[in-house]
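Novice: Questions regarding the structure given below will be posed in turn.
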């Protein structure tokens, strides 16, 4: 996604080019880009000059969206992951650490949602 952000104004970037720059298998990248396309984070362009490009400007795509698309819900423990509804263990009601895991989950999401691809490629400092 960072490679696409760097090339945003230059048009589509081929899987082969991204694979070469990032030292990732083209076959693996194809799988990743299927998920990114389904999430409407990238668009594919067919043809000789085809490839992939960001679906929106880099400033409008945050790292949290990318991570959640590729990895699923962001949570330090399964019991506080989005959609788990606390039914992953029989101790949910009396769990003394659940509040800590919920706060950590929320902060992780806040940080990742506060960083855009534009932030990643710019010289701006993303630290608070």
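Novice: Among residues belonging to segment 57-68 that are touching a helix residue (DSSP H, G or I) at 6+ places or on another chain (Cβ under 6 Å) and not in a helix (DSSP H, G or I), point out the one that is surrounded by the fewest Cβ atoms within 10 Å (Cβ to Cβ).
Specialist: Among them, the one singled out is 62.
Novice: May I pose another question? So which of 112, 104, 41 is in contact with a strand residue (DSSP E or B) (Cβ under 9 Å, 6 or more places away or on another chain) and not assigned by TED's automatic domain parsing to the domain that holds residue 2?
Specialist: Just a single option satisfies the conditions, and that option is 112.
Novice: Those residues that are in contact with a strand residue (DSSP E or B) (Cβ under 7 Å, 6 or more places away or on another chain) and either under 18 Å from residue 117 (Cα atoms) or surrounded by fewer than 13 Cβ atoms within 10 Å (Cβ to Cβ) (or both), I need them from segment 1-31; list them, please.
Specialist: Scanning segment 1-31 gives 3, 4, 5, 7, 8, 11, 12, 13.
Novice: Then there is this: Would you please name the residue that is nearest to residue 61 (Cα to Cα), looking only at residues in segment 87-103 that are loosely packed, with under 15 Cβ neighbours inside 10 Å and touching a helix residue (DSSP H, G or I) at 6+ places or on another chain (Cβ under 8 Å)?
Specialist: Within segment 87-103, the match that is nearest to residue 61 (Cα to Cα) is 88.
Novice: Additional query: In segment 69-128, how many are at pLDDT 80 or above, assigned to a loop (DSSP other than H, G, I, E, B) and over 21 Å from residue 6 (Cβ atoms)?
Specialist: 11
Novice: With respect to the numbered conditions (1) in contact with a helix residue (DSSP H, G or I) (Cβ under 9 Å, 6 or more places away or on another chain); (2) in the same structural domain as residue 106 (by TED's automatic domain parsing), which one is the sole condition not fulfilled by residue 78?
Specialist: Failed condition: (1).
Novice: Only helices (runs of 4 or more DSSP H) wholly contained in segment 1-51 count here; list those with 1 or more residues that are in contact (Cβ under 8 Å) with a residue 60 or more places away in the chain. So that I can check it myself, show each step before the final result.
Specialist: On the way: elements: 2-6, 15-22, 26-38.
Ranges flagged: 2-6.
Novice: A further question follows. So which of 34, 54 is crowded, with 19+ Cβ neighbours inside 10 Å, farther than 25 Å from residue 107 by Cβ and modelled with pLDDT of 95 or more? Write out each step before concluding.
Specialist: On the way: 34 fails: crowded, with 19+ Cβ neighbours inside 10 Å.
Sole residue among the options that is crowded, with 19+ Cβ neighbours inside 10 Å, farther than 25 Å from residue 107 by Cβ and modelled with pLDDT of 95 or more: 54.
The values are calculated or read from the model by the stated rules, or taken from the named source; none is laboratory data. All of these numbers come straight from a predicted model, not from anything done at the bench. Note that we place each Cβ from the backbone using ideal geometry, even for glycine, and neighbour counts take in every protein chain shown.
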